[in-house]
Amino acid sequence: MVPREVRYIKRGVERELWARAAGRCQFNGCNRPLFKSPLTQERANISEMAHIYSFSESGPRGWGPGKKQSNEVRNLMLVCHDCHKTIDQDKDGERYPAELLIRWKDEHEKRVAIVTGVNPSKKSHVILYGANVSEQTSRLQPEAAKDALFPDWYPAEERPIHLSMSWEGKDSDDAYWKTEAENLNTAFNRLIRPLVDGAECPHLSLFALAPIPLMILFGTLLTDKVPAQTYQLHREPIQTWKWLDGPDNFKFVVNPPASLSNPPALVMSLSDHVVPSRINAVLGKAVSIWELTIEQPHNDFLKSKEQLSLFRETVRQLIVEIGKAHGKQTPLAIFPAMPVACSIDLGRIRMPKADGPWVIYDQNNEHKRFIRALEIGGADRG
């Protein structure tokens, strides 16, 4: 008599499957905890074990590698009832072929291995901040951001924290700056403030594509007391958020004004050279212009973390020098042409109790000139 085949799955196989899946549904995008009721939150085993290659030869995905391996860990997915039903109702195996289910299982188990294997000191919360820039809407790719962290950091959570707001406003509109600043403050207080105000402030990884004044404001909300790493989108030689090797003997150049008798303005000629006449067109000629620049300003000069660190050190010293020359509480007009990472870290080095108000201007393509965007630390603080 030929023994009847059974669907019995060994206890050891079930335990290993649970461990590999971390007790969560392995159907892509579900990730439901399978150790408690989704309604009452009471402890309950709501898991089911789905066969990737069918238990039956006539099943939708056939026997695959063979019937003997049917009940092994490699051929099983830990899923919830709903996802198991979804897989099984694909009678032809076309929508959920074995190759797709294997890939989902592998991706889930790799993610579990990475997250559970990371030393807590190497975990970083990924923060994405985007805002409308001119005619284009900023797009930040979470996977590219996560890839930039490796090998120094690992994502603390599967999903990044988004601070962005989708709307039709443009940076040439009167209400744009106030609305975006209010949204940023609200989102920061709701999503990030509880993290940074906790007993142990976690590490943050910062990715942004937004108008420069808003990225400066973003940095001021964090300050340099929060452990964080800012990232820069590089376009050459390949497009990546990963930090690259910077040039040797790199330095920033500070050009002080000829006279200190007028109100100060700080020009950041880093991504492009900002000529004094553009400042005079906004503030008049009675202004003392300080300039931070490099030998050849251009869009993609910032390559390395070391360059960004040097920027923070240089600009902090410069802010102190300007305060000594004009008075610490004298408003400082800032005209920036600078990379994303420098913009955020300029805000991070600001010292609210020591620095006077910053009035941030933005080069607007529609108006074809610098326009006043935000004031930080003053009456209309964002």
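Structure notes:
- Computed helical MRE - 222 nm, the chain, DSSP H runs ≥ 4 contributing -39500 (n - 2.57), nearest 500: -9500 deg cm²/dmol
- Residue list for the stretch 306-337, given a label point 7 angstrom along the Cα-to-Cβ vector of residue 278 and an amide N cut-off under 18 Å: 333-337
- Cβ-to-Cβ counts within 10 Å put 242, 251 in ascending order as 251, 242, the fewest first.
- Karplus 3J(HN,Hα) series, Hz, for the stretch 266-280 with 6.51 cos²θ - 1.76 cosθ + 1.60 (x for Gly, Pro): 10, 9, 9, 8, 10, 6, 7, 7, 9, 6, x, 4, 5, 6, 4
- Summing +1 for each Lys or Arg and -1 for each Asp or Glu among the other residues whose beta-carbon sits under 11 angstrom from that of residue 236 gives +1.
- 3J(HN,Hα) couplings calculated from phi for the stretch 33-39 with the Karplus curve 6.51 cos²θ - 1.76 cosθ + 1.60 (θ = phi - 60°) are, in sequence order, x, 10, 10, 7, 6, x, 9 Hz; Gly and Pro show x.
- Compared with the dominant principal axis of the Cα atoms in the chain, helix 98-117 is inclined by about 60°.
- Residues residue 354 and residue 74, FRET efficiency given R0 of 41 Å [Cβ-Cβ distance, rounded to 0.05]: 0.10
- Exposure proxy order (Cβ contacts within 10 Å, fewest to most) of 109, 42, 313: 42, 313, 109
- In this structure, the pairs whose alpha-carbon distance is over 27 Å, taken from 178/353; 146/353; 123/353, are 146/353; 123/353.
- Placed amide H near residue 36: partners under 5 Å, 5+ positions off or other chain: 44, 46
- Cβ-Cβ FRET estimate between residue 102 and residue 191, R0 fixed at 35 Å, reported to 0.05: 0.50
- When DSSP beta bridges are restricted to pairs lying wholly in the stretch 197-321, around 30% turn out antiparallel.
- Candidate cross-link partners of residue 368 among the lysines, defined by an alpha-carbon separation under 18 Å and a same-chain spacing of 8 or more, comprise 170.
- Förster radius 41 Å - calculated FRET efficiency between residue 170 and residue 110, Cβ distance, rounded to 0.05: 0.45
Rule-based calculations on the coordinates, nothing more; no lab input. Because the structure is a prediction, the values reported are computed rather than measured. Don't worry about glycine lacking a Cβ; one is built from the backbone with ideal geometry, like all the others, and counts go over all protein chains shown.
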